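The values are calculated or read from the model by the stated rules, or taken from the named source; none is laboratory data. From a predicted model like this one, the values you see are computed outputs, not experimental measurements. Glycine gets a Cβ as well: all are built from the backbone with ideal geometry, and neighbour counts include every protein chain shown. The accessibility values were calculated without ligands, DNA or RNA, using every heavy atom of the protein model including side chains. Shrake-Rupley method; radii C 1.70, N 1.55, O 1.52, S 1.80 Å.
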Amino acid sequence: MFNALMVEKDDEGKTSASVQKIDLDRLPDGDVTVAVEYSTVNYKDGLCIGPGGGLVRNYPHVPGIDFAGTVEASDDARYKAGDKVVLTGWRVGEVHWGGYSQKARVKADWLVPLPDGLDTRKAMAVGTAGFTAMLAVMALEDHGIKDGPVLVTGAAGGVGSVATAILANLGHEVAGVTGRPDTEDYLKSLGATQIVAREELNETTKRPLEAEVWGGCVDAVGGDMLARVLGQMKYGASVSAVGLAGGAALPATVIPFLLRGVNLLGIDSVMQPYDNRVRAWARIAKDLPMDKLEAMVQPAVLSDLPALGRDILKGQVKGRVVVDVNA
Ligand code: NDP
């Protein structure tokens, strides 16, 4: 028996989440059984724990879109008992039972060996949000970061915090957009040199182009803010579009693409091929300062998750929540 956060749906379609004791034989099929040590709280997890079940495809369900732990048993030659592994993506925690559990059984293809320099707790301090932030930075690098500050929207959130710390550590000037003025000191401690108030960029404008300001952008917010930012990018600069915390609609024109050669790069962490995942985790171990990562962490246990799921959907979580599933 092991503990897990189970989300159930009643006959009226109402969902509820509670910590339950579960038999090992109820785990879904997979080649590798992992003794999970840590998981995290991402925006998607908030949707999956919350009323209506968000992205959950089958009930009862164990959410948790990422985890890190130690292999307990493996039918796949790539992994043996005792190996440290990390998982993000592949719709784990949505379609397949996820990381809010002391045990997980998954396909070997979905795992990545923990890189040197990261333990399981640090790997989950990074988690899906931080992994995605790294993918976003790598995409900007592939297209060339221009002179001028790099903008990070939703800066105090999970993706934004890690993107800010990585970009600053790589020597870029970072401007963080936040709707929470009380996070200014926190963002500066991660390396942001400029703080932009959310209202400044949420105001819509009829002008499709404004002064060229940003040498690159990691955007976790989408919506009106992304539309506005596109018109402020430097010639040939790129925006890595990661999320939609501020809305899915994009009320933009094609003008920034036509007249300034702006690139809008879509970032998807879920279906990343194995080699890309390994490359991104190695870059995280190398380019993310561990003292800054520690400053982002808020610890939690399984029973905290229903409340934390609500908080992240309201944009009230700062940095990264690390869930110790054995506490
Ligand atoms: P968080 O909730 O931790 O951060 C989002 C941040 O966005 C908030 O902290 C807040 O930052 C800001 N924000 C929230 N609501 C609004 C709003 N209405 N207008 C403007 N800003 C707002 O979430 P994550 O960082 O984990 O994820 C961010 C987004 O990225 C989500 O949409 C998520 O689904 C997506 N995502 C996508 C992935 C991919 O593979 N493409 C992977 C991981 C996440 P502040 O308080 O500083 O303003």
Just to be sure I understand, how many residues within the stretch 225-243 are over 17 Å from T164 (Cα atoms) and near the ligand (Cβ under 8 Å from one of its atoms)?
1
So A133, is it closer than 18 Å to V221 by Cβ and open to solvent by less than 10 Å² (accessible area, probe 1.4 Å)
yes
With V112, V106, V95 as the choices, which residue is open to solvent by 10 Å² or more (accessible area, probe 1.4 Å) and either touching a residue at least 60 places away in the same chain (Cβ under 8 Å) or under 24 Å from L47 (Cβ atoms) (or both)?
V95
Of the residues in the stretch 137-178, how many are over 22 Å from A282 (Cβ atoms) and part of a loop (DSSP other than H, G, I, E, B)?
10
Hits in the stretch 59-92 - residues which are open to solvent by 10 Å² or more (accessible area, probe 1.4 Å), of a type in the set (A, V, I, L, M, F, W, C) and closer than 30 Å to K14 by Cα:
I65, W90
How about the stretch 179-246: which strands (runs of 3 or more DSSP E) wholly inside it have at least 2 residues that are open to solvent by less than 50 Å² (accessible area, probe 1.4 Å) and among the hydroxyl-bearing types (S, T, Y)?
238-241
Restricting the search to the stretch 294-324, which residues are within 14 Å of the ligand (Cβ to nearest atom) and either assigned to a helix (DSSP H, G or I) or open to solvent by 60 Å² or more (accessible area, probe 1.4 Å) (or both)?
M296, Q298, L308, G309, R310, D311, I312, L313, K314, Q316, K318
Among the residues of the stretch 108-121, count how many are in a loop (DSSP other than H, G, I, E, B) and closer than 15 Å to R277 by Cα.
4
When (1) exposed (fewer than 15 other Cβ atoms within 10 Å of the Cβ); (2) under 20 Å from L135 (Cβ atoms); (3) away from the ligand (no atom under 16 Å from the Cβ) are applied to M271, the one that fails is (3)
Would you mention how many residues in the stretch 9-27 are in contact with a strand residue (DSSP E or B) (Cβ under 8 Å, 6 or more places away or on another chain), under 14 Å from P51 (Cα atoms) and not in a strand (DSSP E or B)?
1
Condition check: more than 11 Å from the ligand (Cβ to nearest atom) and under 30 Å from G171 (Cα atoms). Does D291 satisfy that?
yes
